[in-house]
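Student: Below is a structure I'd like to ask you about.
The values are calculated or read from the model by the stated rules, or taken from the named source; none is laboratory data. From a predicted model like this one, the values you see are computed outputs, not experimental measurements. A quick note on method: Cβ atoms are made from the backbone with ideal geometry, for glycine too, and the neighbour counts reach across all protein chains shown.
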């Protein structure tokens, strides 16, 4: 018996800052298709995924939610795992960076790198992006913003430990040049070499002191281990790697990884930081890092702030798991971003899954029942048209396997659906309904139906990695045990005389675009309401004590003079008598609601002990109390109270 080869596959671990959308979920679906495909090829597959659970952003979000960070990540990690399970993914390990074993090994790795001189203590000063948890130099910013996410950055300086990337730079360049398959697609490799490695690497900040929610540096507790060493090492700690050499059996069996499947936005971390860490630890490098493209909402990257996020569970509720799996696997090319919209989903499901696949299976089984009581027999009454179908069926597996060996899932699916379309055409060419009217053509009719069932079997076997539940339903309905790749070496393996199911179940119903549009509107309305509620919750201030309130001095005043701000259309500049020797000058953003002349002689409430500030070049010595938003903004009226009255 041929010994099976081992294959270790990982996804990036999902950051637990919030619920993953379908763009994030695409990666686990693609990884699962690869894992299932490799198992069908005969590999022992170990498939690891999981969650990245430390960092400043999570600490902030937990504080906003009023819970401890561990409770926060427990909840989000549970949601991530629920979605991965919902999408019918067959991972072997769901790794969490809060796992005790991982945290202990991270501390030991950090200490080892420090002891051997690869990590040293220094200071970092630069532009910091909280969202990406990354420092940047001024020259790395794009229009003054984070080059990775496009978000705001701020000045930051702190003591930090650094990892000597530059020490291993030439060695990594040599490895990439000698192993052209290491970074895929080639465009990602070129980007890493030309934009980062060849210009020269800066040493990497690997600790922080400005937050606590991470793994402590055990020999310097005021520092916590920064995200890179923590997150990236999950690929080895999840297998039981031990710094002291007492490695687990999984590590001995499966490392180095055959494939790290990651998003194109984190290629730098996995092809520069990670391999250099492994070099420093004297560990073999992974065989390949594949940076897949993004799934866009229309033409835009999905973002909660943009309100264009689509979630996997909403899609599954409307279309089912396999329809969603098929769409994302088919619509994202090898190295270009794909697009998802509700309309495109309906169109693709109706055309490919309902018409080409579902209708073919349904009517073939229905004809077998109608004409032969469900018995499928090969009478070997062949005509020239049969050979073209057989040749295409026999050629298809090798073509699809070749594409999938390069992780080109979309192209592999095209090869399978080429056979399905040809099988539908075969029905039109042979016209079984016409053959059924001629008793002398009965054996020819049986042969045609046998060929149809066998072509469907070929397609279903190859579809198992992509739409597993549907593929198994098809194989069950045609009642065959011939379900592996080896069964596709010959056309005619389907056992003659087999009885198909009496009443085939519909695989994919045609969707009514209008009905779907109504349901989508309901989903989007719920999302908008949820976003609004979350914003309102964030805007709600924390409780204060009477001592806090007593620090604010509120006084009644009368507007003596008011005019437009010289440098801002939305601002008014008012002179207000609050019972002092001199009127207070206060700048307020109320020009859209009040004309200057209308504001004179109005009684208002003023925060009188607010520190003076210049607003667009004009000094403001307090603040007028107002409420509402731009549409209903109103200045608080002080009634008939005398100027200088203190509000308590």
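Residue by residue, here is whether (1) over 27 Å from residue 42 (Cα atoms); (2) in contact (Cβ under 8 Å) with a residue 60 or more places away in the chain; (3) surrounded by 14 or more Cβ atoms within 10 Å (Cβ to Cβ) holds:
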{"site": "459", "(1), (2), (3)": "no, yes, yes"}
{"site": "472", "(1), (2), (3)": "no, no, yes"}
{"site": "478", "(1), (2), (3)": "no, yes, yes"}
{"site": "486", "(1), (2), (3)": "no, no, no"}
{"site": "495", "(1), (2), (3)": "no, no, no"}
{"site": "501", "(1), (2), (3)": "yes, yes, yes"}
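Student: Still on this structure, please answer the following. Name every residue in the range 511-527 that is surrounded by 15 or more Cβ atoms within 10 Å (Cβ to Cβ) and part of a loop (DSSP other than H, G, I, E, B), in order of residue number.
Tutor: Answer for the range 511-527, where residues must be surrounded by 15 or more Cβ atoms within 10 Å (Cβ to Cβ) and part of a loop (DSSP other than H, G, I, E, B): just 511.
Student: To continue, here is another question. So residue 384 fits all but one of (1) in contact (Cβ under 8 Å) with a residue 40 or more places away in the chain; (2) over 47 Å from the mean Cα position of the chain (by Cα); what number is the exception?
Tutor: Tallying (1) in contact (Cβ under 8 Å) with a residue 40 or more places away in the chain; (2) over 47 Å from the mean Cα position of the chain (by Cα), residue 384 fails exactly one: (1).
Student: Same structure, new question: Would you tally the residues in the range 592-632 being part of a strand (DSSP E or B) and exposed (fewer than 14 other Cβ atoms within 10 Å of the Cβ)?
Tutor: Final tally of qualifying residues: 4.
Student: Say we look at the range 397-409 and pick out the residues that are within 22 Å of residue 328 (Cβ to Cβ) and part of a helix (DSSP H, G or I); which of these is farthest from the chain's Cα centre (by Cα)?
Tutor: Restricting to residues being within 22 Å of residue 328 (Cβ to Cβ) and part of a helix (DSSP H, G or I), the top hit is 399.
Student: Can you name every residue in the range 15-27 that is surrounded by fewer than 24 Cβ atoms within 10 Å (Cβ to Cβ) and touching a helix residue (DSSP H, G or I) at 6+ places or on another chain (Cβ under 7 Å)?
Tutor: Passing the criteria: 17, 18, 19, 20.
Student: Would you pick out the residues in the range 541-591 that are under 45 Å from the mean Cα position of the chain (by Cα) and surrounded by fewer than 12 Cβ atoms within 10 Å (Cβ to Cβ)?
Tutor: 541, 542, 543, 544, 545, 548, 549, 567, 569 - these are the residues of the range 541-591 that are under 45 Å from the mean Cα position of the chain (by Cα) and surrounded by fewer than 12 Cβ atoms within 10 Å (Cβ to Cβ).
Student: If I ask for residues that are in a loop (DSSP other than H, G, I, E, B), in contact with a helix residue (DSSP H, G or I) (Cβ under 6 Å, 6 or more places away or on another chain) and under 20 Å from residue 492 (Cα atoms), which ones from the range 465-479 would you list?
Tutor: Within the range 465-479, just 478 meets the criteria.
Student: Looking at the range 437-450, is at least one residue without any contact (Cβ under 8 Å) to a residue 40 or more places away in the chain and not in a helix (DSSP H, G or I)?
Tutor: There is at least one residue in the range 437-450 that is without any contact (Cβ under 8 Å) to a residue 40 or more places away in the chain and not in a helix (DSSP H, G or I).
Student: Out of all the residues in the range 361-394, which are touching a helix residue (DSSP H, G or I) at 6+ places or on another chain (Cβ under 9 Å), surrounded by fewer than 16 Cβ atoms within 10 Å (Cβ to Cβ) and part of a helix (DSSP H, G or I)?
Tutor: Matches in the range 361-394: 385, 388, 394.
Student: Using beta carbons and a limit of 6 Å, which pairs, at least six apart or on different chains, have the first residue in the range 335-364 and over 24 Å from residue 426 (Cα atoms) and the second one assigned to a helix (DSSP H, G or I)?
Tutor: The qualifying pairs are 335/187; 338/331; 342/520; 345/327; 346/513; 346/516.
Student: Another question about this same structure. With the structure loaded, tell me whether residue 203 is over 25 Å from the mean Cα position of the chain (by Cα), surrounded by 14 or more Cβ atoms within 10 Å (Cβ to Cβ) and over 15 Å from residue 108 (Cα atoms) or whether it fails that test.
Tutor: Yes, satisfied.
So that you can scan it fast, the table gives a plain yes or no per residue for (1) modelled with pLDDT of 95 or more; (2) in a helix (DSSP H, G or I); (3) surrounded by fewer than 20 Cβ atoms within 10 Å (Cβ to Cβ):
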site	(1), (2), (3)
286	yes, no, no
305	no, no, yes
308	no, no, yes
318	yes, yes, yes
351	yes, yes, yes
359	yes, yes, yes
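Student: Tally the residues that are crowded, with 19+ Cβ neighbours inside 10 Å, in a loop (DSSP other than H, G, I, E, B) and at pLDDT below 95, restricting the search to the range 320-349.
Tutor: Going through the range 320-349 one residue at a time, the tally reaches 1.
Student: Sticking with this structure for a sec: Let me spell it out: the conditions are (1) crowded, with 19+ Cβ neighbours inside 10 Å; (2) touching a strand residue (DSSP E or B) at 6+ places or on another chain (Cβ under 7 Å), and residue 92 meets all of them except one. Which number is the exception?
Tutor: Every listed condition holds for residue 92 apart from (1).
Student: Which ones in the range 241-269 are touching a residue at least 60 places away in the same chain (Cβ under 8 Å) and either closer than 20 Å to residue 101 by Cα or in a loop (DSSP other than H, G, I, E, B) (or both)?
Tutor: Passing the criteria: 241, 242, 243, 244, 250, 253, 254, 255, 256, 257, 258.
Student: For residue 58, state whether it is crowded, with 18+ Cβ neighbours inside 10 Å and either without any contact (Cβ under 8 Å) to a residue 12 or more places away in the chain or within 18 Å of the chain's Cα centre (by Cα) (or both).
Tutor: Yes, satisfied.
Student: How many residues, within the range 122-145, are modelled with pLDDT of 85 or more and either in contact with a helix residue (DSSP H, G or I) (Cβ under 9 Å, 6 or more places away or on another chain) or exposed (fewer than 15 other Cβ atoms within 10 Å of the Cβ) (or both)?
Tutor: Looking only at that region, the number is 6.
Student: Collect the residues in the range 28-43 that are surrounded by fewer than 21 Cβ atoms within 10 Å (Cβ to Cβ) and in contact with a strand residue (DSSP E or B) (Cβ under 6 Å, 6 or more places away or on another chain), keeping them in residue-number order.
Tutor: Answer for the range 28-43, where residues must be surrounded by fewer than 21 Cβ atoms within 10 Å (Cβ to Cβ) and in contact with a strand residue (DSSP E or B) (Cβ under 6 Å, 6 or more places away or on another chain): 39, 43.
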